[in-house]
1. Just subtract the alpha-carbon distance of residue 532 and residue 10 from 0.36 nm times their residue separation and send over the number in nm, one decimal.
2. Please figure out what share of the DSSP beta bridges in the range 789-952 is antiparallel and state it in percent, rounded to the nearest 5.
3. Viscosity 1.306 mPa s, temperature 10 °C: give me the Stokes-Einstein translational D for the range 395-501 in µm²/s, with Rh taken as the Kirkwood radius over C-alpha pairs.
4. How many angstrom separate the Cα center of the range 20-39 from the Cα center of the range 659-680?
5. Relative contact order for the range 579-618: what percent, with Cα pairs under 8 Å and sequence separation of 6 or more?
6. Quick one: go through the range 497-514 and flag any residue whose amide nitrogen is under 16 Å from the point 7 Å out along the Cα-to-Cβ line of residue 459.
7. Over the range 789-952, what is the relative contact order in whole percent, taking alpha-carbon pairs under 8 Å and six or more residues apart?
8. At 10 °C and 1.306 mPa s, grab the translational diffusion coefficient of the range 789-952 from Stokes-Einstein with a Kirkwood Rh over Cα pairs, rounded to a whole number in µm² per second.
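The values are calculated or read from the model by the stated rules, or taken from the named source; none is laboratory data. This one's a predicted model, so the numbers in the text were calculated from it and none came from an experiment. Please note: Cβ atoms are built from the backbone with ideal geometry, for glycine as well, and neighbour counts cover all protein chains shown. These accessible areas exclude ligands, DNA and RNA; they are computed on the full protein's heavy atoms, side chains included. Shrake-Rupley method; radii C 1.70, N 1.55, O 1.52, S 1.80 Å.
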Amino acid sequence: MTSAKSSKVSPALAALVNTIKQLQQQEQIGGLIAPLVSFVQETLGMSFVWLGLYNEAAKQLIGQGGTTPVGDHPFLKQKLTLAAGSLLDQVLMNRKPISLPSLKEEVRLAELREAATRLGIQGTAIYPIIRHRQPLGILMIGSTTWGDTLRGDDLAHMSLLVSALGAELERLTATPATKAAPEAKQAAAPTITSDDPVRHLLQEASRAPSLGQRIEALLRAVHQFCQPQRTSLFWRDLEQPLYRRRSYTVGKPQSRESQRQPLAITQQELAGCYTALASGQTVSVSDSQSVVSATAPLRLMQMLNCRALVATPILVGTDVVGFLTFERSEPYPWNDNEKKLLQVTAELLALAAPTERLEHLLAQTQQAQSLVSELAQAICDEQDWKQVLHHAGERLAADLGAQWVFLLSYNSLTQVFDVLFQYPAPRGRDRHPPFPPLQKMDWQLLETATTAIALEDYSHELRLYSWKEVLDKLHIQSLVVATTTPGHSLEALLLVGRTEPTVWSKSQQTLIQEVARTLGLISHQWQLQTTNTQQEQVRSAMLAGFTALQRTQNLERIELTGLQQLMNLMQVPLVALVTWRPGQTVGSIVAPPPGHPKFAIRNDAEIALYEDPLIHSALMASQADVSSNPYAWLIQTTAAELDPRTREWLSGPDIGQILAIALRTDPEYEPSGVLIVADRRDRRWSTLHLEAFLTLVNHLAWAHRSTSLIQMLTQGWQTLETLNWYKHRRLEQVYSQLASLCNQLTQWVQQHPEAAPLLRRLGTLLQTQLESLHPLLSHEVWQLDKTTDTAGLAVLLKRVMDRIENWKQRKQLWIQVHNQPVLTLNGDISKLELILYELLLFACQRSPSQGRIDIWCQQIEGMGQGGKMQSWLELSITDNGEIEPQLLIKLHQLEHLDWLAPSSLDQPPGRHLKVCFNLCQRLGYNLDMYKLEDGRFLSRLLIPLNSGDTGTFELQSSQPRQ
């Protein structure tokens, strides 16, 4: 900064200021020649001046005039064609002046060498005229003295003169459109209007309305004075120990890429340079390839792609809040004037640093609030959610400098992340393919995260590794991912990616998290719509399955229909049923045609139920308790885990995920099959589909069991109906034959009075027996009927004992009746007699040789129907025989008997005892069998007695239990 009382201005500087003023007053390019010639001759003592304007299209320098040691000369108006790589071309392209000891001896300037020889021009300086990094022309000055070049203040004055000359050439060569907007022109490229560079800097900065624009104007002005290839301003990040480039290439608009992603360098990467900057030093590097200084910021120069650099700190106290740099891509010796002007600019920026940092922080906060508010308002206004997402993606990409923005919605069915939205929009109509399922650690990381997660260099990351292939195809090198429901189960993710490694600030991560939380409303609504659609599809498939199963009563058709409906419900290519008949240990396969040949199954295979691991596992699982785990019966596995024995028949090469479950309606009933569902390897089973699957499988199991039971009972009914018809007709035939013989015997006895009494008695007995068969043949053809007979208890027991006399003799059994009362029984004596006979026969068959059977008679009192006291006749049969425990269990569980499973009640004596139990129930008796504590077996029959007469009883009829 200059003091209030400036020192006396030198004549050379006064002449420079006067010359610049004269240049600014000219209205034509030709008018610039006289002030230039006057200053060069009188102030610098040079006798040669030549001004040439650059025609980029023709690659020519067009002479505008000047002077020579011999005065005016045609050479001054000559056109010089620039060959690529020639010395003048290099001067224009490198934007750097050069000095030549002798122009007439310079072999690299053949086009000027001849004229220089004739005119005697030797020591020469060639200045490129550059404006906004655009070459406008060349100014050459020289003398007749060998090696005569400018030094010291003359060199600085000449640099300022050339800079001012560039501004005036730009003004005089501007297009009419540009002249029509002088204010815009002035803002884009301010011209030098002061003889003091510092004063000019202050003037340019004071014209801008805002602090940010003042800083930009200040940088443009210093860049204009010193003409480096690039001027960069680095500010320290408010949240991280690094410096970000906020402005650069002043005088030329920043590229879109640079605006998206500001360059950043850490304090550690600056190394020794940071130490020098912190001490207030200006660091200068003329050529990075030959530097040996420890303070040289080689990493920074590598990032800036420059070979020459000068950097000066922006200090607030002793704190390095930023630094300012000049950069060139070729070696360049930085002079003291450039360094001093850079230092002055840094001091001016230091004054604005606190305010600038505060404004920058406020701008970031307002930007974030604006974006979140716009999204929230758009959602509240119920705008098209696609437009809202597009706006959000566009704003995020612009504000964060990101190349990719994705909103990913978690698909619980496949466990992948569907692309709900992406920016930029995909080409064509198709969205980006889903992102693969996350690994368990990544899932937990995102599910428990309350803030956005930044991956600064994805190439060195192990997090989100399952997405590496997808992100590599998009060239994403750095990303931030945030959940829309932080701290809760995952529903959707917002992913913002860049194509280069990036250090993400906390404010950027906070912005992404807030936007993700806001977009979660849209994602949640979309998921609700998707869930509703899935639920409707599943509901329709289930109703179609229920209806289809109810329409058929054929077992084979039910199996194929059920499998097809399950295939439609689960959207799988293969559903099969391994089924078998009751009692079998080998199953066969029933399956509709697979949806794809690579999901084939061997339909002709025979499967050993208890040797195949998959089938055996499903059968064992079906015995589990589903009250605490509704999926306990369900086997979920993969093809890779299958036993080779299973893989022999479940052989499709594309089979990956497998479900297996037994067709079983209740653990008490035997399963009738095992259902197999198979799909591709990446299939994931959603809770919705699994619940619907179990429901439909249970319905299929009941339909399968009911149809099987109906078929079995129908076949049994048809068999018994045929057998009943056959036996009844045979009985009628025998009855007819016996009746005929009885009539003949009766007639013979009547004709022969001398016949023996025994023969007469036999005839009478035969007639009585035939008469007892008449009700059976006439009233109980197709159903039982109630008959009423009278017989004494002693007579009844005597008849039963007579019927088992053969067993008694054969096994030498001791049979004794105890406490036999004198009772006359009134009721269906024939059925009671058959029941007692079956019980006593069962005891004889089981008793050991020379065993003992006791029949105990007792009249007891107890509660009857309606809570009234009832008299009962208890007939108990005890023996020492053995009985199969399973038979006894099944006799006590007739109501829960699995009629489809093979049982000991399917053949005698169990079958006969089962009939006795059913008949006793119909007649109102109470029959029970169990083992006593002393090891004997007890068969106990309770017969209700008529309440009015203890000497008689009436058989009570009751409806059979349904």
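1. Numbers: separation 522, 0.36 × 522 = 187.92 nm, distance 8.72 nm.
My answer for the length gained is 179.2 nm.
2. Numbers: 29 of 34 bridges.
Here the antiparallel bridges make up roughly 85 percent for the range 789-952.
3. Working: Rh = 14.0 Å.
Rounded to a whole number, D works out at 114 µm²/s.
4. Comparing the Cα centres of the range 20-39 and the range 659-680, I get a distance of 102 Å.
5. Values: 34 pairs, mean separation 15.0, N = 40.
In percent, rounded to a whole number, it is 37.
6. Backbone N within reach: 498-503.
7. Working: 249 pairs, mean separation 37.3, N = 164.
After rounding, I find 23 percent.
8. Values: Rh = 16.7 Å.
Once the numbers are plugged in, D ends up at 95 µm²/s.
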